[in-house]
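This report refers to the structure that appears directly beneath it.
The values are calculated or read from the model by the stated rules, or taken from the named source; none is laboratory data. Keep in mind that this is a model prediction, so the values were computed, not measured. Don't worry about glycine lacking a Cβ; one is built from the backbone with ideal geometry, like all the others, and counts go over all protein chains shown. The area values use the complete protein model at the heavy-atom level, side chains included, leaving out ligands, DNA and RNA. Shrake-Rupley method; radii C 1.70, N 1.55, O 1.52, S 1.80 Å.
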Amino acid sequence: MKNIYLLGATGSIGRQTLEIVDKYPEEFKVITLSARKRINDLIDLIEKYNPKFCSVETKEDADNLADRFPDIIFGYGKSSLIHAATFQPKDSEGILINALVGIAGLHPTIEAIKIKRNILLANKETLVVGGDLVMSLAKQNSVSVYPIDSEHSAIWQCLQNGKKEEVSKIIITASGGAFRNKSFEELKNVTKEDALKHPNWSMGEKITIDSATMMNKGFEVIEAIHLFDLLPNQIETIIHPESIIHSMVEYIDHSIIAQLSSHDMRLPIQYAMFYPNRKDSMVSSIDFKKLSSLHFETLKEDNYPCFRLAMESIQKGQSMPCVLNAANEAAVDLFLNEKIAFLDIPKMIEVEMKNHVLIQSPTLEDLLRIDSEVKERIYLNH
Ligand code: NAD
Ligand code: MG
């Protein structure tokens, strides 16, 4: 039985992770949970899984929960996320499943690596912001970082068919998000409701907006560079509206290995939870007789300035992807609160990136400081 330390338990990935725990109750024991706002959902989870420690956002919630569940320890704020990630520090067989959104996931991941806990990472912003730091620390501590993202799970599976030096390129597929068929002109007036209608996946709000702007795909390229130790020019991105091929690896003999499955995140989650084994899953099998065709299109970079900015940030490297992420988090939040228009998102990110003076080999403290400075500047003007 593996112990699970789960951050972001009430979110889309968190809930689907717990569905796998429910299917395989003999294999996993939930030790810690975190939730920010959905306290009633957390109460249901506490009653069901009886964890030892829970992290919430406010002291008030932590105190109320402690009165109700006297045998469980409750913490609040950022330090409690670290506590949830590193609880029972000697348990190096346990796994941290990080399903938080945004940079909030970075510090807990780093602390869990320091206690040699393997990481299952849905929180892609951790690698976007701190990829160099996280991956080198993981190497030093012999810790594995397994992806929970359909594309990276696909690449991971495809890479098992050859040697690293035999890989010629990685082909990441993109559904195209909510606005695949719109022109750049039409994007000027799209609303929050339009942007939240993802054609294939039901996900948290932030990643759904990131999919509409294609920042999500930019993040995924950066994530892949760090996870699989690739160069930016080894990665190609292609639109594949059906989301059946989750990504591909081309080898030097021009043989391409692809991973196909229904678009259901429970598959990449369970693959990471059981790796190196495979188990029966709740994901439906593909019926090729019903699947009439698969389509591929070029990603129109002109329509997706966020994708271009993400590529620019990885070329500059160092502290630039942190600026990209911070400005994006703040701008997406403003868009979700209907304070700015859809196309203001890339504009705000571009301004921050232009004004940023690069910091070489940024430390965790540098990254957290840059993150707050960028966000403060953006919120101050709105
Ligand atoms: P979500 O919004 O549904 O859930 C986020 C969870 O994190 C919630 O439990 C929330 O309480 C918590 N949280 C958010 N911000 C927090 C903060 N500042 N402090 C503490 N807790 C906080 O998001 P999601 O769709 O589950 O996505 C989680 C991560 O997984 C993201 O990084 C996303 O990009 C990635 N991801 C998601 C999917 C998907 O299908 N949903 C697919 C691939 C990758
Ligand atoms: Mg993805």
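Given contacts defined as C-alpha pairs under 8 Å and at least six residues apart, what's the relative contact order of the range 52-170, whole-number percent?
Details: 161 pairs, mean separation 21.3, N = 119.
Once divided by the residue count of the range 52-170, the mean separation gives 18 percent.
For the chain, what proportion of DSSP beta bridges, expressed in % and rounded to the nearest 5, is antiparallel?
Details: 12 of 40 bridges.
Antiparallel bridges make up about 30 percent of those DSSP assigns within the chain.
Using a Cα-Cα cut-off of under 17 Å, which aspartates and glutamates could be cross-linked to Lys90, ignoring same-chain neighbours fewer than 8 residues away?
Leaving aside aspartates and glutamates fewer than 8 places away in the same chain, those within reach of Lys90 are Glu111.
For the chain, what % of the accessible area comes from carbon and sulfur atoms, probe 1.4 Å? Working shown, then result.
Details: 8540 of 17260 Å².
Within the chain, the accessible surface is 49 percent carbon and sulfur.
Rounded to the nearest 10 Å², what accessible area does Glu57 show when all protein chains are kept and the probe is 1.4 Å?
The accessible area comes out at roughly 80 Å².
Among the listed pairs Lys116/Lys164; Lys188/Lys217; Lys78/Lys164; Lys124/Lys163; Lys197/Lys316, give every one whose C-alpha distance is greater than 29 Å. Can you show the working numbers first?
Values: Lys116/Lys164 25 Å; Lys188/Lys217 21 Å; Lys78/Lys164 38 Å; Lys124/Lys163 25 Å; Lys197/Lys316 33 Å.
Among Lys116/Lys164; Lys188/Lys217; Lys78/Lys164; Lys124/Lys163; Lys197/Lys316, the Cα-Cα distance tops 29 Å for Lys78/Lys164; Lys197/Lys316.
Sorted by accessible area (1.4 Å probe), largest first, how do Phe53, Phe184, Phe69, Phe288 line up? Don't skip to the end; give the middle numbers.
Details: Phe53 5, Phe184 80, Phe69 30, Phe288 125 Å².
Result, largest first: Phe288, Phe184, Phe69, Phe53.
Counting alpha carbon pairs within less than 8 Å and at least 6 residues apart, what relative contact order, in whole percent, applies to the chain? Can you show the working numbers first?
Values: 680 pairs, mean separation 54.8, N = 382.
Dividing the mean separation by the residue count of the chain yields 14 percent.
What figure, in Å² to the nearest 10, do you get for the accessible area of Thr237 with a 1.4 Å probe and non-protein molecules left out?
30 Å²
Find out how many positive minus negative residues lie around Asp280, taking Lys and Arg as positive, Asp and Glu as negative, among other residues whose Cβ is under 13 Å from that of Asp280. Display every interim value, and only then the final one.
Details: positive: Lys23, Arg266, Arg278, Lys279; negative: Glu27.
Local net charge: +3.
In deg cm²/dmol and to the nearest 500, what is the mean residue ellipticity at 222 nm of the chain if only DSSP H runs of at least 4 residues count, each as -39500 (n - 2.57), divided by the residue total? Display every interim value, and only then the final one.
Details: 15 runs with 170 residues, N = 382.
Counting only the DSSP helices, I get -13500 deg cm²/dmol.
Starting from the residue with the highest accessible area, list His198, His382, His263, His240 in decreasing order, probe 1.4 Å. Walk me through the numbers on the way to the answer.
On the way: His198 30, His382 100, His263 70, His240 0 Å².
Accessible-area ranking of His198, His382, His263, His240, largest first: His382, His263, His198, His240.
Name the shape class, rounded, prolate or oblate, that the alpha-carbon gyration tensor gives for the chain, where a ≥ b ≥ c are the square roots of its eigenvalues, rounded holds for a/c under 1.5, and otherwise prolate holds if a/b is larger than b/c and oblate otherwise. Write out the running numbers ahead of the final one.
Values: a/c = 1.41, a/b = 1.16, b/c = 1.22.
It is rounded, given that a/c, with a ≥ b ≥ c, falls under 1.5.
Sort Leu196, Leu334, Leu100 by heavy-atom solvent-accessible area, probe 1.4 angstrom, most to least. Numbers along the way, then the final one.
Working: Leu196 50, Leu334 5, Leu100 30 Å².
Putting Leu196, Leu334, Leu100 in descending order of accessible area: Leu196, Leu100, Leu334.
Keeping all protein chains in the complex and leaving out DNA, RNA and ligands, what accessible area do you get for Asp194 with a 1.4 Å probe, in Å² to the nearest 10?
Asp194 has an accessible surface of roughly 50 Å² with all protein chains in place.
Under a point spin-label approximation (7 Å from Cα along Cα-to-Cβ), what is the Lys29-Glu301 distance to one decimal in nm?
The two pseudo-label positions are separated by 5.2 nm.
For Gly11, what charge total do you get from the other residues with a beta carbon under 12 Å from its beta carbon, if Lys and Arg give +1 and Asp and Glu give -1? Could the numbers behind the result be given before it?
Numbers: positive: Arg15, Arg36, Lys37, Arg38, Lys206; negative: Asp41, Glu205.
Overall, the nearby charge balance is +3.
So what is the accessible area of the chain per residue, in Å², with the probe set to 1.4 Å? Can you show the working numbers first?
Details: 17260 Å² over 382 residues.
Counting only protein heavy atoms, the per-residue value for the chain is 45 Å².
Distance in nm between label sites at Gln234 and Leu260, each 7 Å beyond Cα in the beta-carbon direction?
Each label point lies 7 Å from its Cα, and together they span 2.7 nm.
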